[in-house]
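Here the structure is laid out as structure tokens; the discussion comes afterwards.
Derivation of every value follows stated rules applied to the coordinates shown; laboratory data play no part. Please read these numbers as outputs of a predicted model, since none were measured by experiment. We place every Cβ from the backbone using ideal geometry, glycine too, and count neighbours over all the protein chains shown.
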Amino acid sequence: MTERLRVLYIYKTKSADPDDCYLIKHYRMKKLLLLLLLLVSFQPGFSQQSDKPKLQAMYDAIKAAGIRHPDFVMAQCMQETGNLACKKCCLRHHNLFGFYIKGNKCKKFSSDEECITYYKTWQDKRYDKWKKKYPNQDYYHFLKHVKYATGDKYTGELKPKVKWVQKNLQL
């Protein structure tokens, strides 16, 4: 009989054997430790804290380029590059924002600065026209409208990152 089945048997029969009580406590402790481990490993912002100076420097570069809504754009950068730490993404080509070209290939840049300049140009071509048409909408709407965000899932993933940027970086 497995440990889990034995614990269930003890609960159903209400056995008061001291060995069984120890087993129940042991089983509960294992569940509690597993839950604690899961909570710690999925704590939002944990990996961002370790790279905060790197993220701040990137935010400063985005802001210095004159990009509108730099907090949102920084969150996009974090989303697309795994907080500037991914190994198997477009970051190896200095692609900070996940831009793709025909054939679903990652657009390559020679530097992070070139990518930031590209984003600025990309944003400038679309933003004013969108803002005129939708004056009361937010940047999430802009990203969906220009087909950068593929849907509500992306927006949902971006929102906590925007909040983290607003809370933890010097804007």
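The phi-based Karplus calculation (6.51 cos²θ - 1.76 cosθ + 1.60; θ = phi - 60°) puts the 3J(HN,Hα) values of segment 70-79 at x, 5, 5, 5, 5, 4, 4, 4, 5, 5 Hz, whole numbers, x for Gly and Pro.
Using Cβ counts within 10 Å as a stand-in for footprinting exposure, how do 81, 117 rank, fewest first? Before the final figure, lay out each step's value.
Numbers: 81 19, 117 14.
If I rank by nearby Cβ atoms, fewest first, I get 117, 81.
For segment 71-171, the set of trypsin sites (Lys or Arg not before Pro) satisfying both a DSSP loop assignment and a count of at most 16 other C-beta atoms within 10 Å is given as 87, 88, 102, 107, 108, 147.
Tell me, what are the semi-axes, in whole angstrom and largest first, of the equivalent ellipsoid of segment 46-168 as set by the roots of 5 times the Cα gyration tensor eigenvalues? Mind showing how you got there, number by number?
Values: eigenvalues 89, 63, 42 Å².
The answer is 21, 18, 14 Å, longest axis first.
Each residue of segment 55-68 was assigned a 3J(HN,Hα) from its phi angle through the Karplus expression (A = 6.51, B = -1.76, C = 1.60, θ = phi - 60°), giving 5, 5, 4, 5, 4, 4, 5, 5, 5, 5, 6, x, 6, 6 Hz with x at Gly and Pro.
Sorting 146, 162, 73 from the fewest to the most surrounding beta carbons within 10 angstrom yields 146, 162, 73.
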